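The values are calculated or read from the model by the stated rules, or taken from the named source; none is laboratory data. This is a predicted model, so every value here is computed, not measured. We place every Cβ from the backbone using ideal geometry, glycine too, and count neighbours over all the protein chains shown.
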Amino acid sequence: MQSEPLSEEGGFLLPKTVSNIAKEENYFHKINIEKIIFMCYSISVEKRRSQGMRTALLAIAHSRGQQAMTIIEEIQNQYSAFSANEKKIADYILRNKASIKNMNIKDLAAKVDTSTSSITRFCKHINIDGFVDMKIALRSATSKPPSKEMPTVYDDIYGYYTQVIDETIQMIEDQAIETVVDWIKNAKKTVIYGIGSSGFTAAELAQRLIRMGLNVTGVTDSHLMIINSSIIKEDELVIAISNSGETPELIASLEIAKKKKAKIVALTSFKNSSLTKLADVTCFGYHSRFVNNTVFVNTQFGMVYLIDVISTFLLQDEDFQYNMDLTRANVQGYSKKTE
């Protein structure tokens, strides 16, 4: 059988079919040449024949994107279990994914004020063989930075919020959302806990559910959380909101509610947090500290996105939508009378 013509790319010889398709689909910016060579020849002959080389390359690019996103999730999932030094490394990597590709391990160690061996251990902790592999995996997950054609604060904030939403979408599990929606619908009573900035999100969610006609109370005072948890029933639901998942007063209240056998839903950012361990179901939102913590960026943006999703699913119920419309009409009517 005649061998396929070769094309030189970046000092490497690739089959011309692979080279042309990769150029056309603009994949050289996503996957380095060495990886293309390795993965193309990893595909079985049968797969190349049955699917064609274009389909094979599409599958490669998709799989690399999925792996890189898994690495980002892995860092966030394990974040609460990291040492202080590992958290410094994680913070820098998650905030500077785009620039990591131009660094060597010594550069990163200098930026984070740590040793190269610490970075290597960090890679092992997140199930990556080494620094080079981490760079490759992060490359295809790098989000575009905020536009600098008009270098304004507006562009920067838009970029930060877009990244939080994009990352939150990747973390959402459909089954968890479906379960939360079902539990809210069927709970005899729902209490929503949140302290500090999470308290504002708790109050917002409570107000929405009340307007749908549900029996809901929003609690933002730590003492009232203890009181509510002490008298909660098995057929009632607790929704706890905390970015860190480690707010002491919230955890103490949930430990009481757990003993009372109430269902617990958590909205948080970290899979290994104390809150997650107490919850029956958890929905995860991306933490803004991984985007930029040097400016005032809404730390609740990921959580607000989650409650928007939950609210929208609930409003697919005709009775809930009717109640929402009714309360809106009455509030608007009252406002006109008082003008």
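Taking the conditions exactly as written (over 16 Å from Leu275 (Cβ atoms), in contact with a helix residue (DSSP H, G or I) (Cβ under 6 Å, 6 or more places away or on another chain) and either of a type in the set (A, V, I, L, M, F, W, C) or modelled with pLDDT under 95 (or both)), does Val238 satisfy them or not?
Numbers: over 16 Å from Leu275 (Cβ atoms): no; in contact with a helix residue (DSSP H, G or I) (Cβ under 6 Å, 6 or more places away or on another chain): yes; either of a type in the set (A, V, I, L, M, F, W, C) or modelled with pLDDT under 95 (or both): yes.
So Val238 fails the test.
Failed condition for Ile226, given (1) in contact (Cβ under 8 Å) with a residue 40 or more places away in the chain; (2) out of contact with any strand residue (DSSP E or B) (no Cβ under 9 Å at 6 or more places or on another chain); (3) part of a helix (DSSP H, G or I), with all others met?
(1)
Quick grid of which residues meet (1) farther than 15 Å from Phe284 by Cα; (2) within 14 Å of the chain's Cα centre (by Cα):
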position: Ile172; (1), (2): no, yes
position: Gln175; (1), (2): no, no
position: Trp183; (1), (2): yes, no
position: Tyr193; (1), (2): yes, no
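Return the total of residues in segment 92-123 being touching a Lys or Arg at 6+ places or on another chain (Cβ under 7 Å) and not aliphatic (A, V, I, L, M).
The first filter runs over segment 92-123 and keeps only residues touching a Lys or Arg at 6+ places or on another chain (Cβ under 7 Å), leaving 92, 100-101, 112, 114, 116.
Those still in the list that are not aliphatic (A, V, I, L, M) too: 92, 101, 114, 116.
Here the count works out to 4.
Run down Ile93, Ile75, Ile89 and say which single residue is assigned to a helix (DSSP H, G or I), in contact with a Leu (Cβ under 7 Å, 6 or more places away or on another chain) and at pLDDT 75 or above.
Values: Ile93 fails: in contact with a Leu (Cβ under 7 Å, 6 or more places away or on another chain); Ile89 fails: in contact with a Leu (Cβ under 7 Å, 6 or more places away or on another chain).
After ruling out the rest, the residue left standing is Ile75.
Conditions: (1) free of Cβ contacts under 8 Å to residues at least 40 places away in the same chain; (2) among the small types (Gly, Ala, Ser); (3) at positive phi. Gly245 meets all but one. Number of the miss?
(1)
What is the number of the single condition among (1) part of a helix (DSSP H, G or I); (2) modelled with pLDDT of 90 or more that Gln67 does not meet?
(2)
Counting only residues that are in contact (Cβ under 8 Å) with a residue 60 or more places away in the chain and not hydroxyl-bearing (Ser, Thr, Tyr), which one in segment 190-213 is farthest from Gln332 (Cα to Cα)?
Step by step, filter segment 190-213, then rank; the result is Phe200.
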